[in-house]
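Written out below as structure tokens is the structure these notes cover.
All of the numbers you see were taken from the coordinates with simple rules; none came from a lab. It should be emphasised that the depicted structure is a prediction, and the values quoted were computed from it without experimental measurement. Please note: Cβ atoms are built from the backbone with ideal geometry, for glycine as well, and neighbour counts cover all protein chains shown.
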Amino acid sequence: MSDRRIDINVNITLTVSVAEPDDAESYSFDDLGEEAKERAIRDITERLLGPWWDQHDNDRLQETIVYTLAQELKTPGWAVYGCGDFPGISGVEFTSWSIGSYDDQVTLNGRLTRENAPALPWTEHISAVQLGEPGLGQIYVWESQAHDTGVGGDGIAAIETAVRDAIAAALKAGQEEYEYIGSREAVTELLAASDYEFYEDGSFYG
């Protein structure tokens with residue numbers, strides 16, 4: 001009698017029942033303990049400034065920047081419209097902006113004139129202010145053809161300063177709006193108006 005080797009392959013699947021996180025009890029924000037509430041606020045803040053940030057937030061910041069610049073320049077219509085429905089500054093394009101990074105900035109392209117920026121310190125020798133080439137953010141003051149070179153230097157410096165100050169004010173308004181979106185005040189208002197639920201430790205449930 002000879003021995004014969006038989007290879008047997010057996011696939012075994014083990015099913016183990018483990019409680020999923022969704023099986024855990026959820027709580028409203030008001031039902032959380034104080035420490036859990038603090039964690040919930042931190043969690044929502046991180047989401048608002050991270051994965052929940054969307055085009056609506058981008059639009060909100062750009063509207064703030066545009067409207068503030070128009071207010072600084074006294075662009076026609078700025079006092080009639082609100083921030084959300086202001087049609088923009090004729091002849092000026094916002095080519096890029098960055099807020100919430102290590103290098104906040106705003107870049108514009110276009111031309112400022114007495115018509116769209118009446119608040120600037122215009123002189124008879126200055127016809128327009130060109131807001132650089134796209135992406136460069138430079139400022140050029142255009143002098144009238146009748147202006148002799150070297151005349152009115154103080155006026156040029158004054159209008160350059162005024163334009164830079166207006167752009168800086170617009171950028172600051174955008175930064176403040178960004179900070180507000182992630183502020184404790186804004187987050188607690190959102191929590192009061194929402195039906196978000198949390199785990200007992202304050203981590204986000206859904």
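Some values worked out for this structure:
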item: Other-chain or far-sequence residues with amide H under 5 Å of GLU197's (modelled H); result: TYR205, GLY206
item: For THR95, distant residues with modelled amide H under 5 Å away; result: THR107, LEU108, ASN109
item: J(HN,Hα) series, the stretch 168-173, from Karplus relation 6.51 cos²θ - 1.76 cosθ + 1.60, nearest Hz, glycine and proline x; result: 4, 5, 5, 5, 4, 5
item: Total formal charge among the other residues, if their Cβ is under 12 angstrom from that of PRO76, Lys/Arg +1 and Asp/Glu -1; result: +1
item: Formal net charge of residues neighbouring THR161 (Cβ-Cβ distance under 15 Å; K, R +1; D, E -1); result: -3
item: Built amide H within the under 5 Å cut-off of ASP104, gap 5+; result: none
item: Pairwise label distance in nanometres, THR188 with GLU34, each label 7 Å out on the Cα-Cβ vector; result: 1.4
item: 3J(HN,Hα) from dihedral phi, the stretch 40-47, Karplus parametrisation 6.51/-1.76/1.60, rounded to Hz, x for glycine, proline; result: 4, 5, 5, 4, 5, 4, 4, 6
item: Table column - 3J(HN,Hα) (Hz), the stretch 71-83, Karplus curve with 6.51, -1.76, 1.60, x for Gly and Pro; result: 5, 5, 8, 6, 4, x, x, 5, 7, 8, 8, x, 4
item: Neighbour net charge for TYR180 - beta-carbon separation under 13 angstrom, K R +1, D E -1; result: -3
